[in-house]
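Reviewing the structure listed below.
The values are calculated or read from the model by the stated rules, or taken from the named source; none is laboratory data. Please read all numbers here as calculations on a predicted model, not as lab measurements. In this analysis, Cβ positions are derived from the backbone assuming ideal geometry, glycine residues included, and neighbour counts consider all displayed protein chains. Remember, those area values only see protein heavy atoms, side chains included, never the ligands or the DNA or RNA. Shrake-Rupley method; radii C 1.70, N 1.55, O 1.52, S 1.80 Å.
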Amino acid sequence: MSRETVKIHKSGLLSKILLDRRLITPEKLEIALKEQSALDKSNRHRLGEVLVTLGFISEENILSALSSQLGLKYIKFSEFPKLIPAGVYPTIKFMKEYKFVPIGMEDGTLKIAMSDPLNEYVLDALQNFTDKKLEIYLSGVKDIMEAIEQYFGSNLQMTSIMEGMREDEAGMDEIELQEDVHHLRDMAFEAPIVKLVNMLITKAVEGRASDIHIEPFENSVKVRYRIDGALAEVESLPKRIQPAVISRIKIMSRLNIAERRLPQDGRIKLRVSGRDIDLRVSTIPTIYGESIVMRILDRGTELIVLDHLGFPDETLKRYEKMITTPYGMFLVTGPTGSGKTTTLYASLNRINSDDKKIITVEDPIEYQIDGINQIQVKPRIGLTFANGLRHIVRQDPDVIMVGEIRDIETAEISIHSALTGHLVFSTLHTNDAPGAVTRILDMGIEGFLVSSSLIGVLAQRLVRVICPACKEPYKPQQEIIDKIEFLPDDFSPYHGAGCEECRGTGYRGRTGIFELMAVDGEIRRMILEKAGSDVIREKAVSKGMQVLRECGWEKVAQGITTIEEVLRVSQEGS
């Protein structure tokens, strides 16, 4: 990148500016110049530094004068943004050593606050590091250090933790080969490893992450967080500490640290930043070691109500009518992470009352609801979905919620419960609402049982919401607009430009798009005849079913989400 991208123009000598402003006397200036010239050339300070060291002038006055001399804006820490957009920045060590910090990104320009903007080495390093234009600001050393702590504080702590680990314990690859379980256990309880794992979890919770991914590769261990449904890498750990970190997490979740060849599942209960947090831990063996995913379940989160899930008004009215029927089976479908369980909890919360007994069997219990009996599945002791459901029926419930229908046994008991006067809710992994019918039939359930018990199916996806702080209209490429099947006449799409609030992503939070299929007489006959899901879909659409993408395009037209998000989470024709 050319030097012209950094525009610094001297307008006179600093000494003349200081004298003109009467910030120093000629006598004090002469003393400072003598002091400066007396210093060894290799250790010679700039005049401003000497004046401040001698106590002749404040750092703030020097910076104000430098601002005039160099034509750069002088900013204090109070004027810095609270957050900076997510991105790739120079190392913390380099920023601290040369007293500079990135303070923002705007229109392809990286804004940098520096205490010494005349340092050619730093300017060259920054220009080689980024392909963006640089806009330089002048700031004090103390302000810059405070900003580094604010923007990268948790990374600073993580760096110091890793730097504090003893190199003589770097032979962990040997430990891995020897399978020295006792040594691994000892390392997992050492302070640096404990602090590091706690820091990873705390950063994830404070950053609104739903999952923590710790993935081993040949030369490093990547740590990624899923925020608003999208993964972002946040850390890369040294390969040498991989066994200790993995062992620490396995000990916390009460897993067998000696078993590295088979997948394992566990749970961790913690209090983070004053909130009760559950982590559902899953491990699988890979060629470079065990990969771990921790799903974060915030027990302190207030239960979401149906009105806040993003249902279109008409769909919500139809849905509320279905879930208040006295008996039958209702299914919510979608891939993992599409919000199915949240919708079911919100539904149970809506119909929960003193005159109804509601029992759930779940894995895991993500929210605890007053007035509802909730059962945690424990396959190790024989408490499966099917077994739990079999005993639930004897408890005289009005409403039953089964976390997921995974096999024919659970499906059969759920359907028989619906046919014997209970309202049954459950989830399935299918792409759309009509596909749930095919999925149940493929399990081996008789068509007449499905047709007589099923009252409705809701398919859903989660789309990211445009950040309200940086929301702006934009014109997408024509090829993207051509993919919109239901284009309103007054179509004017929006997107997020990226700001501090959304850390440069353009999105903050998520909402649902839905496809609700009511099972009426005609669709029941089609189920009995074992019609394909495409045929059932056509019939449901002809009877007023709004498909996923149509719901998505409405949210695009309303300025809630973007075209790209709808295309990302839904299939063509859905």
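Listed here are the residues, each with its yes/no results for (1) more than 30 Å from E529 (Cα to Cα); (2) in a loop (DSSP other than H, G, I, E, B).
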position	(1), (2)
G435	no, no
V465	yes, no
K475	yes, yes
L516	no, no
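Have a look at R254, R267, R248, R271 and point out the one that is of a type outside the set (S, T, N, Q) and at pLDDT below 85.
R271
Identify all residues within region 410-430 that are of a type in the set (D, E) and modelled with pLDDT under 90; write none if there are none.
Within region 410-430, no residue meets the criteria.
Please pick out the residue among L231, L279, L262 that is surrounded by fewer than 19 Cβ atoms within 10 Å (Cβ to Cβ) and in a strand (DSSP E or B).
Criteria check complete, one pass: L231.
It is to be established whether one or more residues within region 73-92 are out of contact with any Pro (no Cβ under 6 Å at 6 or more places or on another chain), over 30 Å from G207 (Cα atoms) and not in a helix (DSSP H, G or I).
Looking for residues that are out of contact with any Pro (no Cβ under 6 Å at 6 or more places or on another chain), over 30 Å from G207 (Cα atoms) and not in a helix (DSSP H, G or I), one finds at least one in region 73-92, hence yes.
Taking the stated definitions as given, is N431 more than 17 Å from T341 (Cβ to Cβ), of a type in the set (S, T, N, Q) and not in a helix (DSSP H, G or I)?
Yes, satisfied.
Just to be sure I understand, how many residues within region 324-350 are more than 31 Å from the chain's Cα centre (by Cα) and open to solvent by less than 10 Å² (accessible area, probe 1.4 Å)?
2
Might you let me know whether region 437-460 holds any residue that is closer than 30 Å to I563 by Cβ and surrounded by fewer than 22 Cβ atoms within 10 Å (Cβ to Cβ)?
Yes; the residues of region 437-460 include at least one that is closer than 30 Å to I563 by Cβ and surrounded by fewer than 22 Cβ atoms within 10 Å (Cβ to Cβ).
Identify, from the list S64, S2, the residue that is at pLDDT below 75 and surrounded by 14 or more Cβ atoms within 10 Å (Cβ to Cβ).
That would be S64, the only listed residue that is at pLDDT below 75 and surrounded by 14 or more Cβ atoms within 10 Å (Cβ to Cβ).
Among the residues of region 384-401, what is the count of those that are open to solvent by less than 10 Å² (accessible area, probe 1.4 Å), outside any helix (DSSP H, G or I) and over 21 Å from I323 (Cβ atoms)?
Of the residues in that region, 0 qualify.
Got a sec? Which of K76, K111 is open to solvent by 10 Å² or more (accessible area, probe 1.4 Å), under 36 Å from the mean Cα position of the chain (by Cα) and over 15 Å from E146 (Cβ atoms)?
K111
Could you run through region 282-298 and say how many residues are in contact (Cβ under 8 Å) with a residue 60 or more places away in the chain, within 25 Å of R260 (Cα to Cα) and surrounded by 15 or more Cβ atoms within 10 Å (Cβ to Cβ)?
Result for region 282-298: 9.
State the number of residues belonging to region 402-434 that are among the basic types (K, R) and open to solvent by less than 70 Å² (accessible area, probe 1.4 Å).
Total meeting the criteria: 0.
Which is in a helix (DSSP H, G or I), open to solvent by 30 Å² or more (accessible area, probe 1.4 Å) and either out of contact with any Gly (no Cβ under 6 Å at 6 or more places or on another chain) or touching a residue at least 40 places away in the same chain (Cβ under 8 Å) (or both), of K539, K555, K530?
Result: K539 is the single residue among K539, K555, K530 that is in a helix (DSSP H, G or I), open to solvent by 30 Å² or more (accessible area, probe 1.4 Å) and either out of contact with any Gly (no Cβ under 6 Å at 6 or more places or on another chain) or touching a residue at least 40 places away in the same chain (Cβ under 8 Å) (or both).
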